[in-house]
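These notes concern the structure reproduced below.
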Ligand SMILES: Cc1cc2nc3c(=O)[nH]c(=O)nc-3n(C[C@H](O)[C@H](O)[C@H](O)COP(=O)(O)OP(=O)(O)OC[C@H]3O[C@@H](n4cnc5c(N)ncnc54)[C@H](O)[C@@H]3O)c2cc1C
């Protein structure tokens with residue numbers, strides 16, 4: 001009998017899980033290892049939006065004008081504590097440089113290449129596992145106060161439209177038709193009929209994990225402390241102090257991925273953008289789709305277990321404790337859109353680490369200088385969306401048939 005190709009996936013967030021799922025389906029002998037349970041990290045608490053059309057990078061031309069304003073507002077959607085400035089500054093400098101118009105075009109093209117068909121990939125996995133009901137296909141609704149407010153995002157919407165995003169600009173009556181409870185402050189909307197959302201990101205991750213096991217893969221708990229190197233080749237990883245060998249290793253450890261790369265001499269400017277959510281179990285309002293007040297960049301998402309309000313960006317690293325004041329701001333965001341919402345019944349607030357590179361692109365693909373090593377991390381604000389297409393792409397590059405696509409813009413080599 002032919003020996004199966006063995007693959008060790010480090011990190012069982014939604015990116016590692018979807019990658020392991022596609023690898024197992026393609027016939028590999030897969031082991032996925034995480035120090036926590038599948039999907040219990042950042043991937044459990046996101047806003048659930050599956051946004052294949054979100055190809056505009058976070059750093060758009062003009063970002064240098066907007067960021068200082070956001071930072072000076074103590075209630076702004078972006079917060080960097082003073083102690084973290086020296087760490088954040090080099091990253092922010094690269095972020096600002098990525099906003100040059102010609103780079104923005106290239107980044108959008110690379111994101112479009114990765115995210116194309118994202119929803120189909122999610123459905124492909126979930127249908128195979130009998131759980132397609134997790135995806136709700138009612139679109140997404142962005143809210144603006146007026147035309148001037150909407151005009152501020154013109155460039156970003158234009159870029160998304162160029163890459164095929166279907167969108168409808170709505171007046172107040174159109175907003176009311178879709179979401180009757182929205183406050184009068186919001187008179188313009190952008191409705192994205194083809195974008196969807198997950199009704200339960202943690203359940204989704206667990207379903208994918210079950211699918212890996214169904215196909216004979218192993219889902220294990222363990223701490224990956226180092227990659228094993230024989231010459232240039234990566235031949236496995238140390239898991240809880242013991243060597244675990246494999247033909248290929250996929251690094252999918254979210255905001256912690258750079259630590260394992262650092263030790264083999266590869267530097268990547270990966271930074272955690274800490275985000276929060278609050279979950280209301282009996283809010284008295286329940287939109288049919290994610291509603292996003294554009295001024296606050298918060299997502300108000302209807303989920304199986306209640307109404308989730310998720311957002312805010314806070315720098316501060318992976319070790320500092322959560323900041324309850326950031327979570328409390330999300331309730332203010334909700335009150336702006338739904339003043340009538342009842343916020344008494346709440347689950348404890350949650351914080352997670354978006355793994356972010358300054359050019360808004362993840363690192364996906366083989367590492368040329370270290371045969372056997374593959375990267376699948378750094379999906380930032382779009383990790384749920386990008387997880388399934390990343391898995392499909394990586395599995396076909398690793399096990400064939402190799403697609404005729406240039407994924408070099410996503411390579412780790414771009415930071416060399
Ligand atoms: C508030 C918020 C809202 C968001 N909303 C959306 C959204 O609406 N749509 C969207 O597409 N994305 C969204 N995101 C982004 C998305 O959640 C992340 O990009 C995604 O979850 C990242 O997945 P991941 O698998 O790379 O990382 P993670 O989910 O963090 O998984 C990485 C895993 O690696 C494990 N790990 C790390 N180091 C080791 C080690 N040494 N050994 C063993 N295990 C290790 C961790 O335990 C963790 O389980 C949001 C994020 C936040 C914070």
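The values are calculated or read from the model by the stated rules, or taken from the named source; none is laboratory data. As the structure is a computational prediction, the values presented were derived from the model and not from experiment. Here the Cβ positions follow ideal geometry from the backbone for every residue, glycine too, while neighbour counts run over all protein chains shown.
Scanning region 332-348 for any residue that is within 12 Å of the ligand (Cβ to nearest atom) and surrounded by fewer than 22 Cβ atoms within 10 Å (Cβ to Cβ) turns up nothing. Per the conditions (1) touching a helix residue (DSSP H, G or I) at 6+ places or on another chain (Cβ under 7 Å); (2) within 14 Å of the ligand (Cβ to nearest atom), the sole criterion not satisfied by residue 260 is (1). No other residue among 409, 389 is touching a helix residue (DSSP H, G or I) at 6+ places or on another chain (Cβ under 7 Å), over 17 Å from residue 126 (Cα atoms), in a helix (DSSP H, G or I) and modelled with pLDDT of 95 or more apart from 409. Of the residues screened, residue 54 is one that is crowded, with 17+ Cβ neighbours inside 10 Å and out of contact with any strand residue (DSSP E or B) (no Cβ under 8 Å at 6 or more places or on another chain).
Cβ-Cβ contacts under 6 Å between residues 6 or more apart (or on different chains), taken from a first residue in region 248-269 that is farther than 23 Å from residue 5 by Cβ to a second residue that is near the ligand (Cβ under 6 Å from one of its atoms) and assigned to a helix (DSSP H, G or I), are listed as 254/42.
Scanning region 298-330 for residues that are closer than 17 Å to residue 196 by Cα and either within 10 Å of the ligand (Cβ to nearest atom) or free of Cβ contacts under 8 Å to residues at least 12 places away in the same chain (or both) yields 298, 299, 301, 308, 309, 310.
The set of residues in region 128-140 that are assigned to a helix (DSSP H, G or I) and closer than 22 Å to residue 302 by Cβ comprises 132, 133, 134.
Here is a yes/no grid of residues against (1) outside the structural domain of residue 377 (by TED's automatic domain parsing); (2) closer than 18 Å to residue 70 by Cα; (3) in contact with a strand residue (DSSP E or B) (Cβ under 7 Å, 6 or more places away or on another chain):
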{"site": "303", "(1), (2), (3)": "yes, no, no"}
{"site": "324", "(1), (2), (3)": "yes, no, no"}
{"site": "333", "(1), (2), (3)": "yes, yes, yes"}
{"site": "346", "(1), (2), (3)": "yes, no, yes"}
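Taken over region 1-48, the criterion of being within 14 Å of the chain's Cα centre (by Cα), more than 7 Å from the ligand (Cβ to nearest atom) and either surrounded by fewer than 24 Cβ atoms within 10 Å (Cβ to Cβ) or over 28 Å from residue 199 (Cα atoms) (or both) is satisfied by 44 alone. Pairs linking a residue in region 69-93 that is closer than 16 Å to residue 297 by Cβ to a residue that is modelled with pLDDT of 90 or more and assigned to a helix (DSSP H, G or I), with Cβ atoms under 6 Å and 6 or more positions apart or on different chains, are 75/329; 80/88.
State which residue is nearest to the chain's Cα centre (by Cα) when the search covers only region 294-313 and only residues that are surrounded by fewer than 23 Cβ atoms within 10 Å (Cβ to Cβ) and over 23 Å from residue 203 (Cβ atoms). Going through the qualifying residues, I end up with 313. Within region 187-220, the set of residues being under 14 Å from residue 133 (Cα atoms) and assigned to a loop (DSSP other than H, G, I, E, B) comprises 199, 200.
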